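Taking it in order: structure first as structure tokens, then the write-up.
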Amino acid sequence: MIYLIVPILIFGVEYVIKNWIEKNKTEGCREEIMGGRILLRKYHNKGACLNLGEKKRQLVLFASVGLTVLATVIFLFTLTKKGNGMLKAGLALLLGGAYSNTYDRLRRKYVVDYFSFPVKGRLGNIIFNLSDFAILIGALITGWKLY
């Protein structure tokens, strides 16, 4: 079942990347990669998206665990039904990212973010990880299919 492999693959890739970043980069580093199209950085996000909730870390952790468990139950229920391939794919992407970031919150007490884009303005200050994009794309697909 490909839908079960996707979250495991995302979690595994992120686990390796985040551990490498933690061991080999210093907080605040800024290195150009891919011809300068991506900036490799290291940031410890102690809140949620854009560091929101940094001062309410227990609430962020509780919400992260709760929503991940809820999405997992929905995903497992959806897997038992025929069809709905896009919904299953969306949930698989969403969960792969959610498992990774929730693991960070539980284990490290922060989420490891490690790349940004060299653009001017506020977007250039946002530091991401691959899980963020898996969650975003998965949530968009899931929302589209449920709508």
*For the chain, report the convex hull volume of the alpha-carbon atoms normalised per residue, in Å³, without decimals.*
125
*Rounded to the nearest 500 deg cm²/dmol, what is the calculated helix-only ellipticity per residue at 222 nm for the chain, with -39500 (n - 2.57) per DSSP H run of length n ≥ 4?*
-20500 deg cm²/dmol
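Cα-Cα over 23 Å: which of 25/46; 23/120; 55/109; 23/56; 23/46; 46/145?
Working: 25/46 18 Å; 23/120 29 Å; 55/109 13 Å; 23/56 27 Å; 23/46 18 Å; 46/145 32 Å.
Those over the limit are 23/120; 23/56; 46/145.
By the scheme Lys and Arg +1, Asp and Glu -1, what is the net charge of all other residues having a beta-carbon under 12 Å from that of residue 74?
Working: positive: 81, 88, 145; negative: none.
Here the count lands on +3.
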*Name the residues of region 9-29 whose amide N is less than 15 Å from a point 7 angstrom out from the Cα of residue 76 along the C-beta direction?*
none
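Rule-based calculations on the coordinates, nothing more; no lab input. Remember, predicted model here, so these are calculated numbers, not experimental data. Neighbour counts are summed over all protein chains in view; Cβ atoms, including those assigned to glycine, are modelled from backbone coordinates with ideal geometry.
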